[in-house]
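The values are calculated or read from the model by the stated rules, or taken from the named source; none is laboratory data. Here the structure is a predicted model, which is why all the values come from computation and not from measurement. With ideal geometry, Cβ positions are generated from the backbone for all residues, glycine too; neighbour counts draw on all protein chains shown.
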Amino acid sequence: MSTKTPITVAHGDGIGPEIMNATLHILDAAGAALEIETIEIGEKVYLRGNTAGIEPSSWESLLRTKVFLKAPITTPQGGGYKSLNVTTRKTLGLYANVRPCVSYHPFVDTKHPGMDVVIVRENEEDLYAGIEYQLTPEVTSCIKLISRPGSEKIVRYAFEYARRHNRKKVTCFMKDNIMKMTDGMFHKAFDEIAVQYPDIQKEVWIVDIGAAKMADTPEAFDVIVMPNLYGDILSDVAAQIAGSVGLAGSANIGEYCAMFEAIHGSAPRRAGQNLANPSGLLLGAVLMLVHINQPETAERVHNAWLRTIEDGVHTYDVFTEGVSTQKVGTKEFACAVAARMGQKPCRLKPVSYARAAAGGLPAPAKVAASSAQMELNGIDLFVYWPSRNPNELAAAMGKFATDGLELQMIDNRGVKVWPAGRPETFCTDNFRCRFMARGTTDMRQLIGVIERVAAAGIEIASTQTLRHFNGQAGFSLAQGQ
Ligand code: NAD
């Protein structure tokens, strides 16, 4: 029986094939026990008319091996082509994006010599759920979804990661001073799960000032966990300030599958010239080796790579006169790493993955089925009102209140404009009208309001029910309400 681990490999577009060949050369030299299935994804598949950029047979391979080493791909310009990265993450349930951002001072130029930060980004939810609407001619919306199970999974992953990688602290970035429900739920999950890890320090930063601190003093952070959008932006910032986006690899981890890649794209202008730096993809492959429980091989590859960087053998993107000793191409860099297999760096800190490899993923904690006492209290109607006059709208909408439901307020983009609005408040053509019951109400009453508004010829753009959960309001107030 083969002891090799089956993995699926895609060579990608642009510089993808060159950096993948270099990476596989190094993995081979390290004795990685891999059984490689190759699939085609990306530009050619898109241009054959498959708007997802991946064929059904490739999904079969991915679902069989459950491990995907992926080179960057080119997403063709123009509408209709779905991002393969987003499709893969969502289809395979890859909820955690892990990006170690390390500086290699003095061998790679950086303003932050002591930086060693791991960003753990939630990968499935937030504004990236991709639920967007045009509500009225002037107004669009994107729904920010944060779930309790999603938050618990990513926070627990961050703490498990910290424990296995001997990290001392987990920091949570979010913005619950403004988004009290969505980011508030993330924060609460962090607080509740953090107490289960007494061996690890924890702290919480509001993302704006936290990001400023990270860009200024990254040495103050260790593992940082955050919702999707903040993580997307800040993981690029972290990689860049560590030295170069060309040096960072990332892991996308799910309960069933995992995908490993470089964080950069296909750099088409550099393609086919033996110029590209394969380090990002190689370090992604190192994360993969840890995941598939080949920690000694991961360690050999990573230490040989550190030694190569330390010896000053550099591709053009990190080459610095006076620091680097040799400017090499993609292939020569791979040969230099392979030739150093078994060696450790002398000045940079060697890595050790003995503790990290415990069969890859932490077993996902069972998220308990949710139960809460729910009460229906009212409805928000977002309506199109092109005259933009809130008082006229209030006069029209006020007629649709019933015995049990009153028109409580009208706002525009979250700012109350009726009753007692201010003339200075700018209004668009999309207003929210809140109909609230004195106590509880039922859906038939709410539908009655919708029917009367629609019968009067007022365009309803969207609706949102208003509820209490265990006695807590499940809706925010408007500014000024
Ligand atoms: P990019 O990351 O491909 O390249 C930006 C620049 O960074 C390049 O011009 C090059 O100068 C440099 N660079 C990047 N990687 C390098 C490497 N390994 N070695 C040396 N230099 C490197 O970003 P882009 O130009 O915005 O995107 C190009 C294509 O890649 C687009 O089609 C985009 O959609 C795609 N993309 C794919 C992924 C992915 O597959 N994961 C990620 C990002 C972008």
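Here are some notes:
- Looking across region 418-446, the residues that are touching a helix residue (DSSP H, G or I) at 6+ places or on another chain (Cβ under 9 Å), crowded, with 17+ Cβ neighbours inside 10 Å and over 17 Å from Gly474 (Cβ atoms) come down to Trp418, Gly421, Cys427, Phe431, Cys433.
- If only residues of region 281-316 that are of a type in the set (Gly, Ala, Ser) and in a helix (DSSP H, G or I) are counted, the one that is nearest to Pro345 (Cα to Cα) is Ala304.
- Identification of strands (runs of 3 or more DSSP E) wholly contained in region 173-273 with 2 or more residues that are of a type in the set (A, V, I, L, M, F, W, C) and either over 30 Å from Gln77 (Cβ atoms) or not assigned by TED's automatic domain parsing to the domain that holds Phe107 (or both) yields 201-206, 223-226.
- Answer from Arg434, Arg438 - the residue that is free of Cβ contacts under 8 Å to residues at least 40 places away in the same chain and closer than 18 Å to Leu466 by Cβ: Arg438
Conditions (1) over 18 Å from Val102 (Cβ atoms); (2) acidic (Asp, Glu), marked per residue:
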| position | (1), (2) |
| --- | --- |
| Arg307 | no, no |
| Asp311 | no, yes |
| Thr315 | no, no |
| Val318 | no, no |
| Glu321 | yes, yes |
| Gln326 | yes, no |
| Val337 | no, no |
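- The requirement of being within 13 Å of the ligand (Cβ to nearest atom), over 20 Å from Ala271 (Cα atoms) and assigned by TED's automatic domain parsing to the domain that holds Ser266 is not satisfied by Thr75.
- Scanning region 49-72 for residues that are within 16 Å of the ligand (Cβ to nearest atom), modelled with pLDDT of 90 or more and hydrophobic (A, V, I, L, M, F, W, C) yields Ile54, Leu62, Phe68, Leu69, Ala71.
- Number of positions in region 89-117 that are of a type in the set (Gly, Ala, Ser) and in contact with a Gly (Cβ under 7 Å, 6 or more places away or on another chain): 2
- The condition (being touching a helix residue (DSSP H, G or I) at 6+ places or on another chain (Cβ under 9 Å) and surrounded by fewer than 17 Cβ atoms within 10 Å (Cβ to Cβ)) is satisfied by just one residue among Pro113, Pro56: Pro113.
- Identity of the residue in region 1-33, over 23 Å from Asn274 (Cβ atoms) and without any contact (Cβ under 8 Å) to a residue 60 or more places away in the chain, that ends up farthest from the ligand (Cβ to nearest atom): Met1
- Residues of region 424-442 include none that is closer than 14 Å to Phe382 by Cα and assigned to a helix (DSSP H, G or I).
- Looking only at residues of region 312-352 that are modelled with pLDDT of 95 or more, aliphatic (A, V, I, L, M) and within 16 Å of the ligand (Cβ to nearest atom), we find that the one that is nearest to Glu18 (Cα to Cα) is Ala334.
- Flag if Tyr81 is within 19 Å of Thr8 (Cβ to Cβ), within 14 Å of the ligand (Cβ to nearest atom) and not small (Gly, Ala, Ser): no
- Exclusive hit being surrounded by fewer than 22 Cβ atoms within 10 Å (Cβ to Cβ), near the ligand (Cβ under 10 Å from one of its atoms) and among the polar types (S, T, N, Q), set Ser279, Ser244, Ser250, Ser266: Ser244
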